[in-house]
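**Student:** Dropping the structure in here first, questions after.
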Amino acid sequence: MEPRRNASNVDSMTANRRREEQKLKVLTDYTGETTRLQIAAKSEISIPQRRRAAQTLKLQTESQIRDLQDRRAAAKRRHDLDVSQSQALANELERRQAERDRKEREVQRICDESEELKQLELKLKAPR
C-alpha cells in the first residue's frame, strides 16, 4: 500500500528528487571535466610530437634544397667546362687551319715566284 500523499511527503520526495538531480549534475559535470582534461592532456602530449615532426620535415626540406643547389652548381660547372673546352678546341682548330692556309699560300707564292719551278712545270706539261 502506498503511503498517503500529503504536503510533507511531496516536499520530501521533491527534496530527494532534487538531491538526486544535483548528484547527477555533479557526476555529469565531473565526467565532462574529466573528458576535457583528457583531451587537453593528449593535446599537450602531441604538441612536442608535432614540433618534432615539423622540425624533421623542415630539416629534410632544407637538405633536399641543398642537394638540389649542389647538383645545379655541379651541372653549371660541367657546362662551363664544356663551353671552355669547346671554345679552346675551336680556337685550336681555327689556328691550325689558318696555319695550313698560310703554308699553302707560302708554297703557292714560292711556286709563282720561282723561274726554275715554272720551267720545270712547262717541261712536265710539254708533250713528248
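**Student:** Quick one: in the range 40-56, which of the residues that are among the β-branched types (Val, Ile, Thr) and more than 24 Å from the chain's Cα centre (by Cα) is least open to solvent (accessible area, probe 1.4 Å)? Full working, then the answer.
**Tutor:** Of the residues in the range 40-56, the ones among the β-branched types (Val, Ile, Thr) are 45, 47, 56.
Still in the running and more than 24 Å from the chain's Cα centre (by Cα): 45, 47.
Numbers: 45: 109, 47: 45 Å².
Looking at residues that are among the β-branched types (Val, Ile, Thr) and more than 24 Å from the chain's Cα centre (by Cα), I get 47.
**Student:** With over 27 Å from the mean Cα position of the chain (by Cα) and assigned to a helix (DSSP H, G or I) as the only criterion, which of 37, 68, 81, 59 stands out? So that I can check it myself, show each step before the final result.
**Tutor:** Values: 68 fails: over 27 Å from the mean Cα position of the chain (by Cα); 81 fails: over 27 Å from the mean Cα position of the chain (by Cα); 59 fails: over 27 Å from the mean Cα position of the chain (by Cα).
When all the criteria are applied, what remains is 37.
**Student:** Still on this structure, I have one more. Suppose we filter 24, 37 for residues that are of a type in the set (A, V, I, L, M) and open to solvent by 100 Å² or more (accessible area, probe 1.4 Å); which single one remains?
**Tutor:** Working: 37 fails: open to solvent by 100 Å² or more (accessible area, probe 1.4 Å).
Going through 24, 37 in turn, just one is of a type in the set (A, V, I, L, M) and open to solvent by 100 Å² or more (accessible area, probe 1.4 Å): 24.
The values are calculated or read from the model by the stated rules, or taken from the named source; none is laboratory data. None of the values given here were measured: they were computed from a predicted structure. Calculation scope for accessible area: heavy atoms of the full protein, side chains included, ligands and nucleic acids excluded. Shrake-Rupley method; radii C 1.70, N 1.55, O 1.52, S 1.80 Å.
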